[in-house]
Amino acid sequence: MKKTVFGRLSDGREVHQYTLTNRLGSVAQIIDYGATVTSLIVPDRNGVMQDVVLGCDSLQGYVDGTAYFGAIVGRYGNRIANGRFQLDGIWYQVSVNDGANHLHGGRIGFNKVLWNVEIPVGSSDPSIRLRYVSRDGEEGYPGTVVLQVTYTLTAKNELRIDYEGTSDKPTVLNPTHHSYFNLSGSFTNPIVAHELQIESDLFTPVDAGLIPTGELAPVENTPMDFRSLTPIGLRIDDPYKQLRFGQGYDHNWVLRDYSGKIRKAAELYEPSSGRVMTVLTDQPGLQFYSGNFLDGKAKGKNGIAYALRTGLCLETQAFPDTPNRPDFPTTTLRPGRTYRQTTIHQFSTR
Ligand code: GLA
């Protein structure tokens, strides 16, 4: 485990970068600002080690950026309609930062704060635990939430993310990880040649503000059908209303077999490198976002400008706008209970 200074925030606090290296030579780098994965280096089918996540060259890029590169987002990952919801008969207004809606925790979400770091003892795989205390009222949310996120780089080339959260008042909690993946080895390659499979028969259609309508719609006979491995670019520009709303894919899929146990959620395959990323999770949903808002303006690592659809996110989560949808799997966290999530990004080749 290597620890280096990554930069300094305007209030003088230092930000550190931690480097996890496993026995296979794969590397994950994480900074305590936003609990952000800044690089993830894994082999292609010929053993060539390359970075597969988009990110910024310096701390300032993460501080100023709006793309959530590699971060943990929360308290609520994804959207809450009008930033309003009712809990135990009380209405709450959380910050509105995406048109009329709340997105990814608000103006200063978990991606824009400094976390505390602990190095777990006795873990055989390189691992880092980050902890953030979100105070009562932050961004409009009730209750003080303590969230711990543990990243582990296992000997099987898995980046494992374990979440654990508590609150002293009833609140909502739905954190997720927001890495943009590009398995090709070059961030100038669009992700449309990647092939994707999602363990899902249904998705949650949205309105023009990307808020679910409440319906669970079959993917069958639509461009949302990823039941078998399909090139992302095959149907992305089809004249299909849901794709127009998202300017591409930006939707939540209802994962099969939701029971709280970890199971496969998705597989991503990049034919030129042979890299495969299998995503496993215990969550009910998966947001597949095809990088539609990347516009070449944000300069990333090595000065590369990230053009449209050069990275994609697979965000394991509860469904968007759950606080306003009692029929969706709950995101309510009560005092005395513990929020838990485990998501695994497993890398292999073929
Ligand atoms: C999520 C959202 C997208 C977008 C990105 C960040 O994936 O669903 O609409 O906001 O985050 O740019």
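The values are calculated or read from the model by the stated rules, or taken from the named source; none is laboratory data. None of the values given here were measured: they were computed from a predicted structure. Here the Cβ positions follow ideal geometry from the backbone for every residue, glycine too, while neighbour counts run over all protein chains shown. With ligands, DNA and RNA removed, areas are computed over all heavy atoms of the protein, side chains included. Shrake-Rupley method; radii C 1.70, N 1.55, O 1.52, S 1.80 Å.
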The chain - convex hull of the alpha-carbon atoms, volume per residue in Å³: 128 Å³
Rg [Å, one decimal], Dmax [Å, integer] - the range 139-294, C-alpha atoms: 16.8, 50
The range 208-332, accessible area per residue, ligands and nucleic acids excluded (1.4 Å, Å²): 40 Å²
10 Å-binned pair-distance histogram of the range 30-103 (Cα, whole percent): 17, 33, 26, 16, 6, 2
At most 15 other Cβ within 10 Å, DSSP loop - trypsin sites (Lys or Arg not before Pro), the range 29-123: 45, 107
For residue 162, net neighbour charge (Lys/Arg +1, Asp/Glu -1) across residues whose Cβ lies under 11 Å away: +1
Relative contact order of the chain, defined on C-alpha pairs under 8 angstrom at six or more residues apart (%): 18 percent
Separation in nanometres of the label points that stand 7 Å from Cα toward Cβ, at residue 14 and residue 222: 5.1 nm
Trypsin sites (Lys or Arg not before Pro) restricted to the range 217-259 and DSSP loop, no more than 16 other C-beta within 10 Å: 227, 235, 256
The range 271-345: radius of gyration over Cα atoms, expressed as a fraction of 2.2 N^0.38 Å: 1.49
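What is the range 226-350 by shape, rounded, prolate or oblate, if you read a ≥ b ≥ c off the alpha carbon gyration tensor as root eigenvalues and call it rounded for a/c under 1.5, prolate for a/b larger than b/c, and oblate otherwise?
Numbers: a/c = 1.68, a/b = 1.45, b/c = 1.16.
Verdict is prolate for the range 226-350.
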Carbon plus sulfur fraction of accessible area for the range 2-349, probe 1.4 Å, in percent: 49 percent
